[in-house]
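So the structure is just underneath, and the comments pick up after that.
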Amino acid sequence: MKFPLLRYDLICLILFYSGIVLTNPKEIQSADSPDVQNDQLEHSDAQKIKIIKNVSYSDTDNPRQQVDLFLPNTRMSDDPLPVIAFIHGGGWRKGSRRSGLQFLAPLVSTGKYLGVSIGYRLTDEATWPAQIYDCKAAIRWLRANAKTYHADPAKIIAVGTSAGGHLVAMLGTSGDVLTLEGKIGTSVNSSSRVCGVIDFFGPTNLTSMGGFHNNPDSPESLLLGGPLLEQKEVAMAASPIHYCSKDDPPFLIIHGTNDKLVPFDQSSQLHKSLQDAGVSTRLIAIEGGGHGRLQSKELASRIRLFIENQFFDSDHEISTQSIPGQSFPQDTGRN
C-alpha cells in the first residue's frame with residue numbers, strides 16, 4: 001500500500017502550530033531548537049565571547065523576562081561598543097532567547113559589538129501588549145545599564161525572526177507611542193527607541209494575513225486574546241504597519257518569497273508604508289526561500305554593511321537584489 005506524501009506547505013502549517021519552524025537545508029531554524037543552533041557555531045567564535053545568562057530586566061524572577069548578554073573577550077575599541085539586540089521567534093508562544101547566540105556570536109566575536117538576546121512572556125502566560133511591553137522594558141534596561149557593560153546607549157539595533165521580526169518592527173515603528181511602553185522594570189525613564197531594525201520575515205499587518213491565521217486557535221488569535229476576526233481593533237494596534245512615521249529608524253527587511261507561514265506580502269506592505277512615511281528601508285527577497293533564515297555569505301555581508309551604516313556613520317551601498325534560496329517542492333508526489 002502506498003501512502004501519499006504530505007505537501008510541504010501542509011507540513012509547514014502542522015509544525016507551525018506546534019511551535020516549530022521548518023526550513024530548507026541551507027536555512028537555519030530561527031524560532032526554536034537553540035541547542036542545535038548553538039552546536040553549529042564556529043568554535044573560534046564561541047571562544048571569543050563571554051556569556052552572561054539570565055539577567056532580569058523586569059525586577060521580577062520571571063525567567064522569560066530576562067536577557068542573555070554576549071560580550072567580546074577582546075574589544076576592538078576602548079570606546080563604548082554598540083549593541084545588537086536579538087528577539088527570538090516561535091509564534092509568540094514558543095521559542096527561547098538562547099537561539100540568539102547563533103546570530104550574535106559571529107558579530108560579537110569581531111570585538112566591534114555587544115550582543116543581547118531578549119526573552120519575553122509568551123501567550124500561555126500573557127496576551128498582547130505584554131510582549132512589546134517586555135521588549136521595550138529590555139531596551140530601556142539595557143540603555144540604563146550601558147555603563148556597566150561599557151555599551152553605547154545611543155547605538156542599539158534590534159534584530160528578530162518571525163514573531164521576533166514582528167516585535168523588532170514594533171520597536172522600530174512605535175518608538176513614539178506611549179501606550180505601548182508599559183511600566184515594567186525600574187528603568188521607565190529611559191528610552192526604548194532603537195537606531196535600526198533588521199526584520200526577518202515578521203508579521204507586520206495582522207489584519208491582512210488571512211488563511212489559517214484567522215482561525216480562533218491561530219498564533220495570532222492567541223496573541224490577541226481572542227479570534228483575530230473578532231479582535232480587529234486589537235489586531236491593528238498590534239501591527240507595526242499601523243505606526244510608521246518619518247522619525248522611524250532605518251529598516252532592513254528580509255523575507256523568503258515562498259514563505260508558507262508568513263506571506264511575503266507582509267514584508268512588502270511594511271516596506272511600502274515605511275517608504276511612504278519617508279523612512280530609509282530596504283527589502284531583500286530570498287527567491288524561493290521559505291520560513292527560515294538563509295545561511296548565505298552574500299546576505300551576511302549585506303547585514304554587516306547595514307549594521308556598519310547605522311553604528312559607524314558609514315555610507316555603504318547595500319544591494320536589494322534578490323538572493324537565490326532553496327525550496328522544497330510544493331507537491332512531492334501522489335499515490
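Key figures for this structure:
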quantity	calculated
Output for segment 146-180, where each listed residue is open to solvent by 30 Å² or more (accessible area, probe 1.4 Å) and either assigned to a loop (DSSP other than H, G, I, E, B) or not hydroxyl-bearing (Ser, Thr, Tyr) (or both)	Lys147, His150, Asp152, Pro153, Ala154, Lys155, Asp176, Leu178
Flag for Phe16 being in a helix (DSSP H, G or I), open to solvent by 10 Å² or more (accessible area, probe 1.4 Å) and either at pLDDT below 90 or touching a helix residue (DSSP H, G or I) at 6+ places or on another chain (Cβ under 8 Å) (or both)	yes
Selection count, segment 89-121, where residues are over 14 Å from the mean Cα position of the chain (by Cα) and hydrophobic (A, V, I, L, M, F, W, C)	4
Condition check for Arg293: within 28 Å of Phe212 (Cα to Cα), crowded, with 20+ Cβ neighbours inside 10 Å and among the basic types (Lys, Arg)	yes
Residue in segment 192-211 that is assigned to a helix (DSSP H, G or I), aliphatic (A, V, I, L, M) and within 29 Å of Asn62 (Cα to Cα) present	yes
Extreme residue, farthest from Arg282 (Cα to Cα), among residues of segment 195-215 that are touching a Leu at 6+ places or on another chain (Cβ under 6 Å) and buried (at least 24 other Cβ atoms within 10 Å of the Cβ)	Thr204
Segment 216-244, residues that are open to solvent by less than 30 Å² (accessible area, probe 1.4 Å) and among the small types (Gly, Ala, Ser)	Ser218, Ser221, Gly226, Ala235, Ala238, Ser239
Candidates Thr110, Thr127, filtered to the one that is in contact with a helix residue (DSSP H, G or I) (Cβ under 7 Å, 6 or more places away or on another chain) and surrounded by fewer than 21 Cβ atoms within 10 Å (Cβ to Cβ)	Thr127
Residue pairs meeting the criteria (Cβ under 7 Å; at least 6 apart or on separate chains; first in a loop (DSSP other than H, G, I, E, B), in segment 106-121; second β-branched (Val, Ile, Thr))	Ser109/Ile49; Gly111/Thr74; Tyr113/Val83; Tyr113/Ile84; Gly119/Val67
Scan of segment 61-76 for residues that are hydrophobic (A, V, I, L, M, F, W, C), open to solvent by less than 70 Å² (accessible area, probe 1.4 Å) and over 22 Å from Asp124 (Cα atoms), ordered by number	Leu69, Phe70, Leu71
Residue that is least open to solvent (accessible area, probe 1.4 Å), among those in segment 261-275 that are assigned to a loop (DSSP other than H, G, I, E, B) and out of contact with any helix residue (DSSP H, G or I) (no Cβ under 6 Å at 6 or more places or on another chain)	Val262
Qualifying residue in segment 238-260 (condition: touching a residue at least 12 places away in the same chain (Cβ under 8 Å), assigned to a loop (DSSP other than H, G, I, E, B) and touching a Lys or Arg at 6+ places or on another chain (Cβ under 6 Å))	no
Verdict on Ile307 being among the β-branched types (Val, Ile, Thr), in contact (Cβ under 8 Å) with a residue 60 or more places away in the chain and surrounded by 14 or more Cβ atoms within 10 Å (Cβ to Cβ)	yes
Flag for Gly211 being in contact with a Ser or Thr (Cβ under 7 Å, 6 or more places away or on another chain) and small (Gly, Ala, Ser)	no
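The values are calculated or read from the model by the stated rules, or taken from the named source; none is laboratory data. Quick caveat: nothing in here was measured; it's all calculated off a predicted structure. Backbone-built Cβ (ideal geometry, glycine too); neighbour counts: all protein chains shown. Protein only, heavy atoms only, side chains kept; ligands, DNA and RNA dropped before computing areas. Shrake-Rupley method; radii C 1.70, N 1.55, O 1.52, S 1.80 Å.
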